[in-house]
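What follows draws every value from the coordinates through simple rules; no lab data is involved. Keep in mind it's a predicted model, so treat the numbers as computed, not measured. Reconstructed Cβ throughout: ideal geometry from the backbone, glycine too, with neighbour counts over all protein chains shown.
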Amino acid sequence: MKNKFNTVAFSNLIGSVVFLLIGIVSWIMSTRFQTVKGNYVQPADFPQIMIIGLVFFAAILFIISLLKLINMKDDDPEAAPAPVLNPVKDKGMQASLIVIVICIAYVALFSLLGYVIVSALACLIIMFLIGKRNWKVMISVSILVPLGMWLLFYTLLKVNIPLGPLAFLRDIVDMIF
Amino acid sequence: MDFGLLFSSYLEVFLNPQVLLMTLVGALGGVLLGAIPGMTATMGVALLVPFSFGMDLIPAIGLLLGIYCGGMYGGSISAILIHTPGTPSAAATTIDGYPMTRNGQAGLALSVAMFSSFCGGIIGALIMTFLSPVIAKAAMSFGPGEMFMLAIFGLSVIISISGKSVIKGMISAFFGMLICTVGLDPTNGVARFISYSQTSLLEGFAFIPALIGMFAVAEVIGGVEKIVRGEEKQLTSNARIDRVLPDMKTIKKIWPNILSGAVIGTFIGAIPGAGGDIAVFVSYGANKSASRHPELWGTGIPNGVASTESANNGCSGGAMIPLLSLGVPGDAVTAVLLGAFIMKGIQPGPMMYVSNLPIVYRVFAALMVANLAMLVVGCAGVRFFTRIVSVEKTMLYPVIMVISLLGAYAINKNVFDVGVCIGFGIFGWIMNKYEFPLSPILLTLILGPMCEKNYARFMNIHKGEIMEIFNSPIAMTFLGVAILVIIYSLWNQRKITKTLTLDSSLKSAS
């Protein structure tokens, strides 16, 4: 018998525990909601119905996964290996975490550096990360796509997007159009 | 009905070059806008209203309807090609559209989407032409109880879109409903799960950034992971697209889905407050339940695409029914159209059928032209659109990322929404990884607020007596159909699970 801790059944068990915890924490939070006198539906009513549903199905998943782990056969679909979440063991996982960090940095720097610069940097880093090495194409795509999108939104859709140090582009475009 | 006047009005519109040109321009703009994640048909119509100021009424309405219909189809392009619905109405198209792209059938998926959108739009327009006063009367008898049951009926589709595991689908759905309750309570204004100082979340999580995050950002993170691991293959579309429209064999296979989708779309579109985003899921669930092979739905079949795309374009006709018959806009786009009518000195409503009947008929005709224009633009563009999937993934993923994040920002011009988009992207990636389906969350994000708001309104009107809902025949019809759909979907799901288990046993035996 293969390692049970590396199966879909075990990952389902962990998933069910996570949702059970979310349900419990949400329930505790919902008991602190303000009540409104003379109202037939209180602010906590609807979320609590949803929490009951969430906890009910998470509990079913927990029980089914536990039973599967106890009586697991090799040909069970739940005996298949679970997706890896450990970045030390898996390069793909490392790359995903780097993309997540890039995304977080993207939000943090969006207002400061503006859409075009921050998008060009994100584009370039992601391309490099996934193995693109043609620098001419990488640089042109990274600059032209965000610039083109900004131009489209600014001129046609009249949506003003932060430009950071490149704010002068607006004056140039205003002069031309 | 004055058929002579109807015919002459249609002829007048179809032979007016200005109307044809403006509608074509509108459809082109709509398709392009709809294909950009985060840009909706509503935004497109709102943006172009000022341009229609100087035009006559019918060309102006043609321009706006062109954007409306084009935007509905445009949303499916990105849903099919890059797994990111361009508009909320295209959300259900990803379920079968994207697997078709992964199977090398992007061209077929797009042509089915285009053809179904066109047929749905035309059927919707025909229903609108002949039945608008009757449907409008029925739609206006919808109170909070009926709307609540409509939402429940929509939610009954969850089992159908849960994929392999109903339990995981239900967990996703309840979690989605719980997410909807974050922010101010819609009836009392009480903060839930947040403090009043968290102003960005007072209205809850913005829907479109969440949608873009769960599909586009999650797809990029997952795609990068697969590329680095060497699992991602370069996608290609059908090597050569000989025809831009589906062949007769495909049409024969999908026409029942188109027909039922269009009728469902028109009816739901006619209900004020319900639109294409709800209709597509209801149509998908109903068509899957009625299918002889429900196990194939979600694996990439044209029927799935046809059922959703005909429904969302059928909505365009449906939404015009309360607008013209009662002067009540059915959705955000028709609200803008109402403004355009008033701007031209025409007040839609029951009297419009008495005092301005030729205009009513010309509007019907303009909707037909708009659907034709969408077909022309779609046919011209299908070869170009399919090339997108052949672009190297190492370039496509970063480009999807920066365009999607811009869409998330543009909707409210708020950096917080970009953060929401990324947060939902990470969440969606983890959910995908562990096979918790995302479609139920999407459905509940659409229906959750409608469900809660109408439940609270109903309970307050009827002083907490929920049993009062049994006095409404419409509500009971929805409840009955919802129960039937749930039972039938569970039975179907059992059949699917049996087939899958048998397949996996055969594979392991061989």
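Observations on the model:
- Net charge dipole size for chain B [Lys, Arg +1 and Asp, Glu -1 on Cβ; Debye, nearest 20]: 1020
- FRET efficiency, 1/(1 + (r/R0)^6) with R0 25 Å, evaluated for A:Ile63 and A:Asn6 via beta carbons: 0.75
- Mean per-residue shielding of peptide A:50-56 is 6, counting Cβ atoms of other chains within 10 Å of each Cβ.
- Least to most buried among B:Phe215, B:Phe142, B:Phe14 (fewest other Cβ within 10 Å first): B:Phe14, B:Phe142, B:Phe215
- Distance between the 7 Å Cα→Cβ label points at B:Asn460 and B:Glu12: 4.6 nm.
- Most tightly packed first, judged by the mean number of other beta-carbon atoms within 10 Å of their residues, the peptides B:154-161, B:461-468, B:179-186 read B:154-161, B:179-186, B:461-468.
- Among B:Lys433, B:Lys413, B:Lys226, the order by Cβ neighbours within 10 angstrom, fewest to most, reads B:Lys413, B:Lys226, B:Lys433.
- Averaging the Cα positions of each part gives two centres, and for the stretch A:103-177 and the stretch B:66-114 these lie 26 Å apart.
- In this label model, B:Thr497 and A:Phe168 are separated by 6.6 nm, measuring between points 7 Å along each Cα→Cβ vector.
- Label zone at B:Arg229 (point 7 Å along Cα-to-Cβ), backbone N below 16 Å, the stretch A:129-152: A:130
- Take each residue in B:184-192, count the other chain C-beta atoms within 10 Å of its C-beta, and the mean is 6.
- Interchain or long-range residues, amide H under 5 Å from B:Gly183's placed H: B:Arg192, B:Ile194
- Theoretical FRET efficiency, 1/(1+(r/R0)^6), r = Cβ-Cβ of A:Ile143 and A:Asp75, R0 30 Å, to 0.05: 0.05
- Counting neighbouring Cβ atoms within 10 Å and putting the fewest first, the residues B:Phe118, B:Phe470, A:Phe56 line up as B:Phe470, A:Phe56, B:Phe118.
- Shielding score for A:122-134, defined as the mean number of other chain Cβ atoms within 10 Å: 5
- Using the Cβ-Cβ distance between B:Ala138 and B:Asp56 with R0 set to 51 Å, the FRET efficiency from 1/(1 + (r/R0)^6) comes to roughly 0.95.
- Gyration tensor verdict on the stretch A:1-146 (Cα atoms; rounded if a/c is under 1.5, prolate if a/b is larger than b/c, oblate otherwise): oblate
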